[in-house]
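In what follows, a structure is listed as structure tokens, so that the remarks can point back to it.
What follows is calculated from the coordinates using simple rules that are stated; it is not laboratory data. Source: prediction; values computed, not measured. With ideal geometry, Cβ positions are generated from the backbone for all residues, glycine too; neighbour counts draw on all protein chains shown.
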Amino acid sequence: MNILKKAKLIIIFSILSVLFAGISFSAPQNDQAEEDFILFAAENLFIYMKNKEYVSVWNCLSVKSQQVIIADVYKESKKTGVEYKKNELLRDFNSGGMFAKAYWDSFLTVFDSNIALEQCKWEMGKIEKNEAEVILKYKKSDNQAILKMYKENNAWRIGLKESFGVRNLSPF
């Protein structure tokens, strides 16, 4: 190989090295601060449940979960013969009123938040721009629960109904 060809190869290699120097070919790493925000929001939900801070529980939930809960309570109220308006129920849940208290007290008879807080290993699942997953592995089981998280109004919210809707944790 003559000197001119070697020089061209060195120049091409140098240019390619400079072009690819800042590029990582590995999978992108999640931002640690974002993971912390997600895990903090998820953990807070279970702490608020444990402490029966129902307004805070409500504020942790995704809009969809809130809508499903209001629809469930509305349907149940119709069955009792006393029909409340959905906006009245929403105000009640926003303020921690009697319907909210009855709902969450009943909910917590079938859902033990202490298990999530004290007996589960927490791991981050996928993280996307506005959705994420927190994986909870119960130490006495091979099964895991996937807690779906949604970024709404710049805050991470828990999709309680989106995560556990199939199991229907409705207290009714």
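Observations on the structure shown:
- Sorted by Cβ neighbour density within 10 Å, fewest at the top, the residues Ile127, Ile38: Ile127, Ile38
- Ranking of Val134, Val82, Val55 by count of other Cβ atoms within 10 Å, fewest first: Val82, Val55, Val134
- For region 41-162: rounded, prolate or oblate by the Cα gyration tensor [a/c cutoff 1.5]: prolate
- Additional length obtainable on full extension of the chain from Glu76 to Gln144, 0.36 nm per residue less Cα span: 21.4 nm
- Extension gain for Asp105 to Glu35 (0.36 nm times residue separation, less C-alpha to C-alpha distance): 22.2 nm.
- Sorted by Cβ density within 10 Å, fewest first, the residues Arg91, Arg157: Arg91, Arg157
- Distance (nanometres) between label positions extended 7 Å along Cα→Cβ at Asn87 and Lys137: 4.9 nm
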